[in-house]
1. Suppose every Lys and Arg Cβ carries +1 and every Asp and Glu Cβ carries -1, with no other charges. What dipole size does the range B:4-236 come out with about its Cα centre, to the nearest 20 debye?
2. Which percent of the Cα-Cα distances in the range A:25-74 go past 14 Å?
3. Could you tell me how many cubic angstrom of Cα convex hull volume the protein assembly as shown has per residue?
4. Can you tell which of B:132, B:182, A:24 lies farthest toward the positive end of the dipole of the protein assembly as shown, using +1 and -1 charges on the Cβ of basic and acidic side chains (Lys, Arg; Asp, Glu)?
5. Please compute the average number of Cβ atoms from other chains found within 10 Å of each residue's Cβ in peptide B:14-22.
6. Please give the average number of partner chain Cβ atoms lying within 10 Å of the Cβ of each residue in A:41-49, rounded to a whole number.
7. Just to confirm the filter: which chymotrypsin sites (Phe, Trp or Tyr not before Pro) across chain A are DSSP coil and have at most 11 other Cβ within 10 angstrom of their Cβ?
8. Please get the size of the charge dipole for the range B:40-108, origin at its Cα centre, with Cβ charges of +1 on Lys and Arg and -1 on Asp and Glu, quoted in debye to the nearest 20.
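Throughout, read-outs are computed from the coordinates displayed, never taken from laboratory work. Only a predicted model underlies this, so the values are computations on that prediction, with no experimental measurement involved. Glycine also receives a Cβ, built like all others from the backbone with ideal geometry; neighbour counts cover every protein chain displayed.
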Amino acid sequence: MLPGWITTVTITLNGDPFDLSGPLTVSELLTALEIDARRVAVEHNLVVLKRAAFDGAIVREGDQVEIVNFVGGG
Amino acid sequence: MDTFSIAGKTFSSRLIIGTGKYSSHAVMVKAHEASGADMVTVAVRRVNIADRSKESLLDYIDTSKYFLLPNTAGCYTVDDAVRTARLGREAGLSHWLKLEVIGDERTLFPDNEALIEATRVLVREGFVVLPYTSDDPVVCRKLEDAGAAAVMPLGAPIGSGLGIQNPNNIRIIREFSHVPVIVDAGVGTASDAAFAMELGADGVLMNTAIAGAQDPAAMAEAMKFAVRAGRLAYLAGRIPRKLYATASSPVEGLVGR
């Protein structure tokens, strides 16, 4: 596959397999999922990303992505 | 002026409250307002990818009024706690953290060995760490040595409402510590919070006592006054306990004697 070629990739998203058109950036992934980037934190292959890195981080086949937010807790 | 500061940041209230277990966001908002607290805890969890319809907690917390304290609740290892802490930092853009490393599912008692290690790691990464710990003065001293910005001994198991089970330890922890002591967990009602403050605690953190009350906003207000009353009583210096009575009225000049 050529670099940048759009195809279906399967990633592990929040612990479950997830198919999407990619490769794509983390920003694009959040947009596709309709998630407000300002309200979440993202871990990409066990590395927690700074928000400024969302545009540059590329999600590829087999990657592990965790998207978390704040919920009620004590 | 009796100010309450942690790691150089001053808070107007010594009451810190949670955001969990409320019947609705609206009930939580009313309780937060009634409590007078200016710091609230939040948990870090996976976004529900399948159901994005749920409202965001942050729509109901005015972050210009309330300082967010992310927690690592539910973490059982140093690695999980550190990972969750890092995610919480990015989600909230703050390096403050209520650190929990749990050691047992039924009691939710902390794994103090792992807690101390996680504190060390996270302090090195620049976090302001507030660890939830056992009411053990030696563990609290080790946490302080590891760089904790405060120590948060439990009064009783999380959500138990049993009140302060070992008041002497809380007093000893206060004596030993050079950082704020916040009694975290175990409060059931207002007198428990007042008692914690009378023992010398610098603050009280609670969730279930308010969220689980029949009227959370009313209980939040009760807690606000209890924490203030307990603090004032501590500062005022209570009288010694005596076994027998001492008359409050003059013993001379009695009619008929």
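1. For the range B:4-236, the charge dipole is close to 400 debye.
2. Here the long-distance tail beyond 14 Å is 48 percent of all Cα pairs in the range A:25-74.
3. 161 Å³
4. The residue sitting most towards the positive pole is B:182.
5. The mean count of partner-chain Cβ atoms within 10 Å per residue comes to 2.
6. Neighbouring Cβ atoms belonging to other protein chains average 4 per residue here.
7. A:5
8. In total the dipole reaches around 120 debye.
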